[in-house]
Amino acid sequence: MEEFSPPTPPTPGKVYLVGAGPGDPGLITMRGKYLLERAEVLIYDYLASKNLLRYAPASAELVYAGKRGGLEHTHTQDEINQLLIEHARSGKMVVRLKGGDPFIFGRGGEEAEALHDAGIAFEVVPGVTSATAAATYAGIPITHRDYTASVSFLTGHEDPGKERSHIDWASLAACGGTLVVYMGIKNLPVIKGNLLKHGRAATTPVAVVRWASTPEQRTVVGTLADICDKVREAGIKPPALIIVGEVVGLREKIDWFEKRPLFGKRIAVTRTREQASELVAQLEEAGAECLEYPTIHVEPVESYELLDEEMERIHEYHWIVFTSLNGVRYFFERLFAKGLDARDLKGPSIAVIGKSTADLLRQYGLRANLVPEEYTAEGLAEALLDTGVGGRNILIARAKVAREILPETLRGAGAQVMVVPVYQNMPPPSARDALLANLEASRIDVITFTSSSTVKNFVDLVGAASHEELAKLLDGVGIAAIGPITGKTIASYGLTVNIQPEQYTIEGLVAALTAYYGNGDRSGPA
Ligand code: SAH
């Protein structure tokens, strides 16, 4: 018999202070992403890109720690320290995701000290700090052999009424190096005054960069003499960085991020299954911000009784037919749930609608016996008819609501057809509200349509009562169609197509958008 051993207490967890980078989710480190993917508790603040949260496991507990300058602290620093300690003590793997770099004006030092004092194990992962990112994304090399040999990072958050500053403005002004000021927007007049007072030239170039490395980046350039006015006129609010020094002048040549053809454009993409990710990827490469609206949402059917019955007598079938990827997925999910697998499908031949469906089927261990040349229901029906379906038993696993052309054609040719719904298409729950809110707030510049069904789905999604109402909703929004057939569908709803490529492909569509907006016309359709 085994010796009695007392229950082990939960191993104390560990806290990882992880730099999220400045905003662009692509700028997190590989180490940071690795840890995010394993987080049990994720505590994040407002500067950390929300797009990074999706890397955390679905089971992770997400805690917003707030913190932004001013009155909106949702947690005090002490409370955040306590949160870290408590979650770690309960045995959890805690990721504390912080904007930029944790140790650069991020109070990561305080958090690490508190963890040390509490005896909690921790690690720190550096991040791309917003100073270097803002400079890079504004086209400003913070050092350059011809202009400066030093760069200083400072906080502009000091209380201007404070008697003695911790910042040595005299030497900063005198050394002539590049200065990057965090949290300095409110105090910009004081900062400027200090530099001028200590002899930095009024003609020194200054850039202010807000939301650097995100689609919302804005940059204002001036000199120490006029930057305050320019920032006020442009309405620049935090978070923003101030970059002071001759290197700012290089932006004229090096600005690359804001010069991308679709920078600053918000493009709505109504999603069909296959194309959306490719379109979004290409638009984002061209600088656009994409808002994706899935118009369908796939769910299991309410009851699998019919499928279960047919699975019991699957060997009586001559053909199993899959008309979609989801048909394959949901069919096999149920098969496995019943404790069966591919071996139990011995007997019937298998027909699929196209190559990707055949590829997916292979992943489940089965080869398709028939793939039509034309990947449509009609093509599939024709190919099956060629095999001689009279008197054959055919099972079609498909969506609950679908076109009836395939079963009807097969029945017409004398086949015994059993249609088995294995999944259903439902309208996605939250897409409508988000879409309407964005349209009403004029947050969308262009909507892209890549097929007639994306147009129909979109119209269904917004649920406008009339063509007039639809036109009103889309007032001022550019409409892009991939080709003439899609264009015709758009016109049938009383809408005008603004952008349509000559080549009817995703690349063609992106090129047409780029040509439309890239030629200096940044205002959008009239
Ligand atoms: N640890 C962070 C800095 C936190 S202090 C880092 O390493 O970047 C908060 C300040 O950082 C903001 O007030 C702003 O000055 C700056 N900041 C952070 N992210 C920024 C961004 N994307 N664009 C411009 N400034 C940013």
Surrounding net charge for residue 254, when Lys and Arg each add one and Asp and Glu each subtract one, Cβ distance under 14 Å: -1
Modelled FRET efficiency - R0 35 Å, residue 475 with residue 64, Cβ distances, 0.05 increments: 0.50
Segment residue 312-residue 433, extension gain: residue separation times 0.36 nm, minus the distance between their alpha carbons: 39.2 nm
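Mean separation of Cα pairs under 8 Å and 6+ residues apart, divided by the residue count of the chain: what relative contact order is that in percent?
This gives 10 percent for the chain.
Within the chain, which is the longest segment containing none of the GluC sites (Glu not before Pro) that sit in a DSSP loop and have at most 11 other Cβ atoms within 10 Å?
164-273
Express in nm, to one decimal, how much length is gained between residue 333 and residue 110 on full extension, taking 0.36 nm for each residue of separation and deducting their alpha carbon distance.
Net length gain for the segment: 75.4 nm.
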Label point distance in nm, residue 225-residue 343, each placed 7 Å from Cα along Cα→Cβ: 8.6 nm
Percent RCO, i.e. relative contact order, over the stretch 299-425, from Cα pairs under 8 Å lying at least 6 residues apart: 31 percent
Fully extended contour minus Cα-Cα distance, from residue 143 to residue 502, at 0.36 nm per residue: 124.7 nm
Relative contact order (%) - criterion: Cα under 8 Å, at least six apart; region: the stretch 14-127: 42 percent
FRET efficiency, residue 491 to residue 363 (Cβ-Cβ, R0 30 Å, nearest 0.05): 0.15
Loop chymotrypsin sites (Phe, Trp or Tyr not before Pro), the stretch 183-277 (other Cβ atoms within 10 Å of the site Cβ: 15 or fewer; DSSP): 256
Protection proxy ranking of 18-26, 194-202 - average other beta-carbon atoms within 10 Å, highest first: 18-26, 194-202
Using a Förster distance of 51 Å, the FRET efficiency for residue 442-residue 299 (Cβ separation, nearest 0.05): 0.95
Eligible lysines near residue 456 by straight Cα distance, threshold 27 Å, same-chain separation 8 or greater: 265, 355, 400, 472, 488
Per-residue [θ]222 nm for the chain (sum of -39500 (n - 2.57) over DSSP H runs n ≥ 4, rounded to 500): -9500 deg cm²/dmol
Cα centre as origin, Lys/Arg/Asp/Glu Cβ charges: the chain dipole, Debye: 1060 debye
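Read-outs throughout are calculated quantities, based only on the coordinates presented, and are distinct from any laboratory measurement. These numbers come from a predicted model, not from an experiment. Reconstructed Cβ throughout: ideal geometry from the backbone, glycine too, with neighbour counts over all protein chains shown.
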